[in-house]
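K.L.:
Before I ask anything, let me first share the structure, which is written out below as structure tokens.
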Amino acid sequence: MSIFRVENLHKTYGEKVLFNHITFSVGDKERIGLIGVNGTGKSSLLKVLAGIEGKEAGEMYHANNFKIEYLPQEPELKEGLTVLDQVYFGDAPIMKAMRGYETALLELEKDPADEGKQKKLAKMQQKMDEEEAWEANTIAKTILTKLGITEFSKQVKYLSGGQKKRVAIAKALIQPVDLLLLDEPTNHLDNETIEWLEQHLAQYRGALMLITHDRYFLNRVTNRIFELDQGELYQYEGNYELFLEKKAEREEVAEQREAKRQNLLRRELAWLKRGAKARTTKQKARIQRAEKLQDEKGPAEKGEVDFAIGSVRLGKKVIELEEVSKAYEGKQLIRNLNYLIVPGERLGIIGPNGTGKSTLLNILAGRAEPDSGYVETGETVKIGYYTQDHEDLDGSLKVIEYIKAVAEVVQTADGRVITAEQMLERFMFPRPVQWTHIHRLSGGERRRLYLLKVLMGEPNVLFLDEPTNDLDTQTLSVLEDYLDQFPGVVITVSHDRYFLDRVVDHLLVFEGRGNVSRYQGSYSEFMEETKQQIPVKAPKSESSASHGKQEKSKPKKLSYKDQKEWEGIEDRIAALEERKERLEKEIMESGSDLDKARDLYEEQNKVEGELEQAMERWEELSLLVEEMEAGNN
């Protein structure tokens, strides 16, 4: 059943047509993914539907009490409000009841003996009963907890950018609405929060339309795809995976039609060139038909990269970190990190926000100094660094001028010469757009242009800090194709699971408190192993947390096998630690012998894994021994 209908929606931006009289409907509880190249008008469409931007033509039909909630890419919160007032914002009776109840609860917690505040809470509890708001409040509290929002009385102006984003998401999810519009909801969220958001939206009661670059998220959340392309809206039933199949079919049909048009045009032009006299009506019709065929536009060329820039040779020595530590404002981010980056490396850096991932990139790039330890960089290394907070682009420049300021031509790894114009075309800036002023580009288009500038510098070591934020799925596919052929080193910080799986083959995992571990394998493999380990570790933490009187009533005994393992485990740990130290010394002494260093490094990783497992097992056995001894006393 349709709950929202749009007919003949039309809007332009300068000479660009964003929506060319598009028509669509939204059904009850539908999950629609809106995709398209940056600059095509995706965000503008959501703003028009939300009533934030106007339209030039078209009508929107819905029930009188129809409610829409819109989450923009950048949160638009009222700085003077508290988190509580912002999250429970709105005039709906149920929102007023929850807001009043939470306010009364906070006030009473500060002064539990105040009778007036006790009466106020009782009154608000009655209001919650009247509005049947308890279930909604439970859901709201769950959302806030999962998003890490706990300081309800804190003013919005004192929150970090990431915290503001989470508050805005909570506000959007809590509001009772018929249609929820989400513009890049996964930006700046860590992987754990993104996975929770996926699960929550699967149970969401209303309909939703969302823009996201996260293709796993898109695939798991949506059941319908809208593609906005050059003013036209193409609709596909199914998730992102089915969309890719259907789009490939559509493009194949379009290519066949274009081939047919070209053949017909070739014949008509050949006829005209022979000088046939246009005296009959039939001959005039053929001339008009040829002119019409020439005016027709073929399918837009897809951004495809069949080459890699890389003329600067990269030697055997890239970057080496020795006992690197770094703290910020009293918080330990990195502790005694040793790492050797080798030619051809594809490394992903993952972990919760604020644990030091971007700091590590800055240290590797020489933009920040470690508190201790050192970083040694090879003489042939040429770094290209795509940062989250990219430079301000000069809006008065034209696109082509901005890129040519870096290089007018670049050489590929196989010696071919590619012009700036050709590179722009590969990254979906057609020739007419290349002469557009930068100030007319969308935010996503500027990010794409900045990315191209980094690549045009011909780096042989590429650092990418959250490259998927604000880039569309098609640009990401182009970037991934490019990186497949890139001959140098790629190190990326990202929360985008699909991008990590496509681009990297091993990980540095930031665990917090300065701890950084290594994982050999893809991101999906890492997550699968992590999930499998959770049930195994839970009993251990429970026994350590509840260790006390309850455990004394049921003393445990070591089995014969456990007893033998306990007797020898400390010697085993000592041997592994000794082996680890010896390998570290051999790696340092290997010098420029890259093959030897790589073999030693692989063995070191293996020994470190065995040592970590042995330490965990020692902890488990030591708890059992303590419990046994306590039970015997």
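The values are calculated or read from the model by the stated rules, or taken from the named source; none is laboratory data. As the structure is a computational prediction, the values presented were derived from the model and not from experiment. For neighbour counting, all protein chains shown are included, and Cβ atoms are generated from backbone atoms with ideal geometry for every residue, glycine included. In case anyone asks, the SASA skips ligands and DNA or RNA and just uses the protein heavy atoms, side chains included. Shrake-Rupley method; radii C 1.70, N 1.55, O 1.52, S 1.80 Å.
K.L.:
Kindly rank 358-368, 573-583 from highest to lowest mean number of other beta carbons found within 10 Å of each residue.
P.N.:
358-368, 573-583
K.L.:
So what's the angle, to the nearest 10 degrees on a 0 to 90 scale, between helix 240-273 and the longest Cα principal axis of the chain?
P.N.:
Its long axis makes an angle of about 20 degrees.
K.L.:
Once the dipole of the chain is set up with Lys and Arg at +1 and Asp and Glu at -1 on Cβ about the Cα centre, which of His200, Leu210, Gly315 lies farthest towards its positive end?
P.N.:
The residue sitting farthest along the positive end of the dipole is Leu210.
K.L.:
So, one more: Please give the solvent-accessible surface of Phe499 in Å², to the nearest 10, using a probe radius of 1.4 Å with every protein chain present.
P.N.:
0
K.L.:
If packing is taken as the mean number of other Cβ atoms within 10 Å per residue, what is the order of 402-408, 478-484, 127-133, highest first?
P.N.:
Sorting 402-408, 478-484, 127-133 by mean packing, highest first, produces 478-484, 402-408, 127-133.
K.L.:
Just need the relative contact order of the chain here, percent rounded to a whole number, with Cα pairs under 8 Å and 6+ apart.
P.N.:
Relative contact order for the chain comes out at 13 percent.
K.L.:
Using the Karplus equation 6.51 cos²θ - 1.76 cosθ + 1.60 (θ = phi - 60°), what ³J(HN,Hα) coupling, rounded to whole Hz, does each residue of region 524-532 give in order, writing x for Gly and Pro?
P.N.:
Running phi through 6.51 cos²θ - 1.76 cosθ + 1.60 with θ = phi - 60° gives 4, 5, 4, 5, 5, 5, 4, 5, 5 Hz.
K.L.:
In Å², and per residue, what accessible area does the chain have when probed at 1.4 Å with the other protein chains present?
P.N.:
Per-residue value: 52 Å².
K.L.:
Further question: Ordered by packing density, taken as the mean number of other Cβ atoms within 10 Å over each peptide's residues, highest first, how do 206-216, 4-14 rank?
P.N.:
The most tightly packed comes first, giving 206-216, 4-14.
K.L.:
Turning to a different aspect of this structure: I need the shape label for region 451-535. Rule: rounded when a/c is under 1.5, else prolate if a/b > b/c, else oblate, with a, b, c from the alpha carbon gyration tensor.
P.N.:
Judged from the Cα gyration tensor, region 451-535 comes out prolate (a/c at least 1.5, a/b above b/c).
K.L.:
Aspartates and glutamates within cross-link reach of Lys96: Cα-Cα under 16 Å, excluding same-chain residues under 8 positions apart?
P.N.:
Asp85, Asp129, Glu130, Glu131, Glu132, Glu135
K.L.:
To continue, here is another question. Carbon and sulfur together cover what percent of the accessible area of region 320-469 at a 1.4 Å probe radius?
P.N.:
Exposed carbon and sulfur together represent 46 percent of the surface.
K.L.:
On to the next question. Below 8 Å, C-alpha to C-alpha, sequence gap of six or more: please give me the relative contact order for region 96-165 in percent.
P.N.:
RCO, region 96-165: 28 percent.
K.L.:
Using a 1.4 Å probe over the heavy atoms of the protein chains, calculate the carbon and sulfur portion of the accessible area of region 110-234 as a whole percent.
P.N.:
Within region 110-234, the accessible surface is 44 percent carbon and sulfur.
K.L.:
Looking at the square roots a ≥ b ≥ c of the eigenvalues of the Cα gyration tensor of region 48-180, which shape do they give, rounded for a/c under 1.5, prolate if a/b is larger than b/c, or oblate?
P.N.:
Here region 48-180 falls in the oblate category.
K.L.:
Work from the charge dipole of the chain (Cβ charges, +1 for Lys and Arg, -1 for Asp and Glu, about the Cα centre) and give the residue of Ser372, Ser477, Leu347 farthest towards its positive end.
P.N.:
Highest projection toward the positive end goes to Ser477.
K.L.:
Taking the 0 to 90 degree range and rounding to the nearest ten, how far is the long axis of helix 161-174 tilted relative to the main principal axis of the chain, both from C-alpha atoms?
P.N.:
The helix 161-174 is inclined about 80 degrees to the chain.
K.L.:
Counting only DSSP beta bridges with both residues in the chain, tell me the antiparallel percent, nearest 5.
P.N.:
If I count the DSSP bridges inside the chain, around 55 percent turn out antiparallel.
K.L.:
What's the angle, to the nearest 10 degrees (0 to 90), between helix 191-202's Cα axis and the longest principal axis of the chain?
P.N.:
Long axis of 191-202 versus the principal axis of the chain: about 70 degrees.
K.L.:
Mind putting a number on the dipole of the chain about its Cα centre? Charges go on the C-beta only, +1 for Lys and Arg and -1 for Asp and Glu, and I need it in Debye to the nearest 20.
P.N.:
That gives the chain a dipole magnitude of about 3160 debye.
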